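Laboratory data are not the source of any read-out in this text; all were calculated from the coordinates shown. Here the structure is a predicted model, which means the values were calculated and not measured. Cβ placement follows ideal geometry from the backbone for every residue including glycine, while neighbour counts extend to all protein chains displayed.
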Amino acid sequence: MKRILLTAAAIAAGVFVEHPVHAQAAQTIFNTAIPGAVRVAIRENNPNGEPDPRGRIVWVQTVPFETYCKDVLPNEWMPSWSPESLKAGAMAVKMFAWYHHLHPVTIDGFTFDVDNTTNFQAFRYLSGQPETNQAVDAIRNQAFTMPDGSIIELNYRAGYRDSANWQYRNAQKMAQWGSEYWAERGRNYIQILQFYYVDRALKFY
């Protein structure tokens, strides 16, 4: 159904002019290129030397997209975990970054896609590990989206060890510990993703 917008002048004159309101096309993997780079706001460290989610933004670092994913995954998933868990994690990290690249924010005069803290995803430059790098490479040219290919944020939480973490499935979030739980029980990364992100689909681009 088209919405009709009426101007005050048109109403006063008894003339009704129809202005169709066009819905913005959904951003999908079919009409939106994968980012070439991600803008990462670097925040001040806390007294323990770790990036502080409440810290002042010092500068914005531009990082190649795949490098960004490789420098997040070992800081969010344990590199010693099963390969299928790591691939599920790589997909979550990738889609989270892709979504936020399309929805940048500006704070204190800095425009960026994500920061380097758990406000978004824990990023440490050049921290990639062989196991996690391999997981990121394994899902190249793949995306996990809505059935129509719409790019969505894949959220995740730590969850509980040795548990399927069903409560996160109900909230459309993946449990990091849950991904390892299922991998240890023979689930592949697609099955793990499908368990936590209901009504989502694997796509190739």
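Things worth noting here:
- In region 26-39, the qualifying residues are those that are in contact with a helix residue (DSSP H, G or I) (Cβ under 7 Å, 6 or more places away or on another chain) and part of a strand (DSSP E or B), and the one that is farthest from Arg161 (Cα to Cα) is Ala37.
- Put simply, of Val105, Val72 the only residue that is under 17 Å from the mean Cα position of the chain (by Cα) and free of Cβ contacts under 8 Å to residues at least 12 places away in the same chain is Val105.
- Any hit, region 137-155, residues being within 18 Å of the chain's Cα centre (by Cα), hydroxyl-bearing (Ser, Thr, Tyr) and not in a loop (DSSP other than H, G, I, E, B): yes
- Qualifying residues in region 166-182 (those that are more than 20 Å from the chain's Cα centre (by Cα) and touching a residue at least 12 places away in the same chain (Cβ under 8 Å)) - the one farthest from Met78 (Cα to Cα): Trp182
- Whichever residue in region 156-202 is β-branched (Val, Ile, Thr) and assigned to a helix (DSSP H, G or I) and, among such residues, is surrounded by the fewest Cβ atoms within 10 Å (Cβ to Cβ): Ile190
- Arg185 without any contact (Cβ under 8 Å) to a residue 12 or more places away in the chain, among the basic types (Lys, Arg) and within 19 Å of Leu86 (Cβ to Cβ): yes
- Among the residues of region 54-109, those identified as assigned to a loop (DSSP other than H, G, I, E, B) and more than 18 Å from Val38 (Cα to Cα) are Arg54, Gly55, Arg56, Trp77, Met78, Pro79, Ser80, Trp81, Ser82, Asp108.
- Qualifying position, being polar (S, T, N, Q), loosely packed, with under 14 Cβ neighbours inside 10 Å, within 30 Å of Gln191 (Cβ to Cβ) and in contact (Cβ under 8 Å) with a residue 40 or more places away in the chain, among Thr32, Thr111, Thr118: Thr118
- Residue selected from region 121-155 under the condition among the polar types (S, T, N, Q) and more than 16 Å from Ile192 (Cα to Cα), by the criterion surrounded by the fewest Cβ atoms within 10 Å (Cβ to Cβ): Asn141
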